[in-house]
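These notes concern the structure reproduced below.
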Amino acid sequence: MKRTHHCNELRKADAGSPANIVGWIDSVRDHGGILFIDLRDREGKTQLVLDPENSELTKIFGELKPESVIQASGEVHERDGDTVNVNLPTGEVEIHVVDLLIHNQSKTPPFPMDDEADRVGEELRLAYRYLDLRRPKNLETLKLRHKASKAIRDYFDANGFLDVETPMLFKSTPEGAREFLAPSRLNPGKFYALPQSPQQYKQMLMVAGVERYYQMARCFRDEDLRADRQPEFTQVDVEMSFIDREDMYGLIEGLLKKVWQETLGTEIETPFLRMPFEDAMNRFGSDKPDLRFGLEIKDFSDTFRESDFKVFSGTIASGGSVKAFNAKGLADLTQGELKHLEETAKSLGAKGLAFIKSENGEWKSPILKFLSQSEQNKLREDLSVEDGDIIFFAAGDWESSCNILGRVRLESATLLEKRGKIERSPTDWKFLWVIEFPLMSHDEEQGRYVATHHPFTSPVPEDIELLDSEPKKVRGQHYDIVLNGVELGGGSIRIHQPDLQKKVFEEILAIPADVVKSRFGYMLEAFTFGAPPHGGIALGLDRLVAILVGRDSIRDVIAFPKTQKGQDLMTDSPSVATDKQLRDLHIRSVLPESD
RNA sequence: GGGGGUGUAGCUCAAUUGGUUAGAGCGCUGGCCUGUCACGCCAGAGGUCGCGGGUUCGAGUCCCGUCACUCCCGCCA
């Protein structure tokens, strides 16, 4: 009673031969006498024909419910010309069923199993994730994800990389993301932490002489969720010895080329564009710019340095910047849309969102009366303002004026796209490397420098001397790979000199010496036993696959994702632990006061 | 921690200014139908309007609170 074919296998040439297939009932069409079933498995559909002459079969007609699992055997018949279904690869044949076994009868599913279900609330689909995944569209996503990981594994294997597993029970290192803790039964009062990434282990593998390492690494971060952030996710983790940045760019460009070939059959162009962090911020207001459209930001600090408009000149006098971009063709935006853009700007710390509309041959703006003719001319020229355009401004410190206009630029793109004035095709692949990030940034809250990426990133050689004098100006040998406004991954050349690493920890990041010793002591020691120069990168596999299949949320490409509150609605986790479990682990729950 | 959105039948949605018995499509149940393929036709069942409170002669609709899901800010070395 073994199946002989899957549901997308039989063709005209099979006519006359016996077949035995299994699958889920996709639909039943009962004509009173003759009855048709579309049987579905993960490969496709095949039509079964149940003839009323077979009285054994007629008895169970009433039990053939959609989504039931059945097995059917019979003979493959070629269909008559006018009954061929051109929409199915198996549409030229059907199986005339002799025997039919119901393996498992299905209740009526809580939501439709066709493409209609894309509109069904995610809450319900997550509670019945096994049904949602059963839909062909979602099985295709799992298949594509598999193809992507296989391409990745094949690529690294072919390039001499070793797949090495690293511990999930790691040590708590409070720098960085909040961690999930795992209590240790054998060590009362002590805890492991689940890794935010295998960063330190992979560097130790380099010291160990592995030379080329990769891993599909599960990572855990106990931070708030987003469409592109889950508390556990998968990272394509890579580390190599004896390389420089150029080697890494080439390696990853080759990897992505192969992934695109193997999953979509698409050729992407390499090498990728490279853009320094500062340019990305200045031109696009983002460290992960979407290059599928223009609307570039320009700096007008020089233009407004002496301006009568005090909001601008005052900002510049106190060291800030005035920036603007032309949202080309958006002068017809509605009051509501303008208000929304203002809210966006304000949510990023702007006091408001200054704008100038160019409509019917004249400029209209609440701030126009403050701007001199030469200032207006400069804007018109530098931003190529034409009728129907609208200029948006931001004034503030360099970083926040970039960020504000970066967001307004993205929102404007959405509005322009609705009007058909620009296009952001999900298959217009605009890759780039963002490079030369600052090694550290000043944390206002903590009043000290923190590593922009992580504290193991090596400074670019010519900036090392600035470490003591102007740490802010030191650029790191860090690189991010960006695609269509999404940060796919990032990495760096690491520090492999114990003295430099110690200096970064203690002097620049101002981590107390005893903390450095307890947390990173083993690492500093490891670097004294022959540490090779090395570097690496990590790519978010979930984001990569989401982009490949054109989904906005990584939940769509994870088999069992969690909701925004970190719950799995299917298994109803997390859940309370028993008193015995807690006792064994030497811990106690202290619930927040509810009043 | 903060801001926005959503919540009405199993599913997707509608319900005028607060006003009679809350509707439609799909699905489901029953019946008819021997070439359909999202089969068709006929009939029927199905509602804690997320939950709690308030205003009102009267609340799906207005107000307050709360829960869930979601988008974003903070956060994510």
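Quick note: the coordinates plus some simple rules give every number you see, no bench work behind them. Being a predicted model, the structure only gives us computed values, none of them experimental. Glycine gets a Cβ as well: all are built from the backbone with ideal geometry, and neighbour counts include every protein chain shown.
In the stretch A:12-104, Cα pairs under 8 Å separated by at least six residues give a relative contact order of 34 percent. Suppose the Debye formula is applied to equal point scatterers at every Cα of the stretch A:257-345; what is log10 I(q)/I(0) at q = 0.14, 0.15 Å⁻¹? Once normalised to I(0) and log-transformed, intensities are -0.76, -0.83. Binning all Cα-Cα separations of chain A at 10 Å, short to long from zero, yields these whole-percent fractions: 3, 13, 19, 20, 19, 14, 8, 4, 1, 0.
Proximity of backbone amide H atoms, modeled 1.01 Å from N, is registered between A:F437 and A:F277, A:G476, A:H478 at under 5 Å, excluding neighbours fewer than 5 places apart on the same chain. Between the beta carbons of A:A317 and A:R424, assuming R0 = 35 Å, the FRET efficiency works out to 0.35 to the nearest 0.05. Inter-label distance, A:R551 to A:A208: 3.3 nm, where each label sits 7 Å from its Cα along the C-beta direction. Taking 15 Å as the cut-off, the amide N atoms of the stretch A:304-341 that come nearer than this to a point 7 Å along the Cα-to-beta-carbon line of A:E296 belong to A:324-328. Checking every one of the trypsin sites (Lys or Arg not before Pro) in the stretch A:57-129 against DSSP loop status and a limit of 11 other Cβ atoms within 10 Å picks out A:K59, A:K107. Measuring r between the beta carbons of A:S441 and A:H340 and using R0 = 25 Å, the FRET efficiency lands at 0.25.
Compared with the direct C-alpha span, the chain from A:K190 to A:H77 gains 33.9 nm at full extension, assuming 0.36 nm per residue. Amide hydrogen proximity for A:V164: with H placed 1.01 Å from N in the peptide plane, the residues at 5 or more positions away or on another chain lying under 5 Å are A:Y214. Applying 0.36 nm per residue to the separation of A:K503 and A:S575 and subtracting their alpha-carbon distance, the gain on full extension is 21.5 nm.
Starting with the fewest neighbours, write out A:V28, A:V516, A:V322 ranked by other beta-carbon atoms found within 10 Å of each beta-carbon.
A:V28, A:V516, A:V322
Using C-alpha pairs below 8 Å separated by at least 6 residues, the relative contact order for chain A is 13 percent. Among the listed pairs A:K288/A:K473; A:K364/A:K421; A:K323/A:K473; A:K257/A:K562, those whose Cα-Cα separation exceeds 24 Å are A:K257/A:K562. Each listed q (0.20, 0.22, 0.28 Å⁻¹) maps to a log10 I(q)/I(0) for the stretch A:88-137, found by the Debye formula over equal Cα scatterers with no solvent: -0.83, -0.88, -1.04. Per-residue Karplus couplings for the stretch A:328-342, computed as 6.51 cos²θ - 1.76 cosθ + 1.60 with θ equal to phi - 60°, are listed in order as 4, x, 9, 4, 8, 5, 7, 3, x, 5, 4, 4, 4, 5, 4 Hz, Gly and Pro entered as x. Measuring between their Cα centroids, the stretch A:64-90 and the stretch A:305-382 lie 64 Å from each other. A simple rule links phi to the HN-Hα coupling: the Karplus curve 6.51 cos²θ - 1.76 cosθ + 1.60 with θ = phi - 60°, which for the stretch A:438-443 gives x, 5, 10, 10, 7, 8 Hz, with x for Gly and Pro. Once both labels are positioned 7 Å from their Cα atoms along Cα-to-Cβ, the gap between A:E359 and A:V515 label points is 5.4 nm.
The gain in end-to-end length when the A:R178 to A:R11 segment is fully stretched comes to 54.6 nm, 0.36 nm per residue minus the alpha carbon separation. Among A:V207, A:V311, A:V474, A:V590, the ranking by other beta carbons within 10 Å of each residue's beta carbon, starting with the fewest, stands as A:V590, A:V311, A:V207, A:V474. The C-alpha atoms of chain A define a longest principal axis, and helix A:398-418 lies at about 40 degrees to it.
Pairs of alpha-carbon atoms within less than 8 angstrom and 6+ residues apart define the contacts here; what relative contact order does the stretch A:293-418 have, in percent?
Computed over the stretch A:293-418, the figure is 36 percent.
Converting phi to 3J(HN,Hα) with the Karplus coefficients 6.51, -1.76 and 1.60 and the offset θ = phi - 60°, the stretch A:10-21 yields 6, 10, 3, 5, 7, 4, x, 8, x, 8, 9, 10 Hz in sequence order, with x at every glycine or proline. Working from label points 7 Å from Cα in the Cα-to-Cβ sense, the A:T414 to A:L585 distance is 3.9 nm. For the stretch A:517-595, chymotrypsin sites (Phe, Trp or Tyr not before Pro) meeting the loop criterion (DSSP other than H, G, I, E, B) and having at most 15 other Cβ atoms within 10 Å: A:F529.
For A:R448, enumerate residues with amide H under 5 Å from its amide H, sequence gap 5+ or separate chain, H modeled in the peptide plane. Result for A:R448 returns A:D443.
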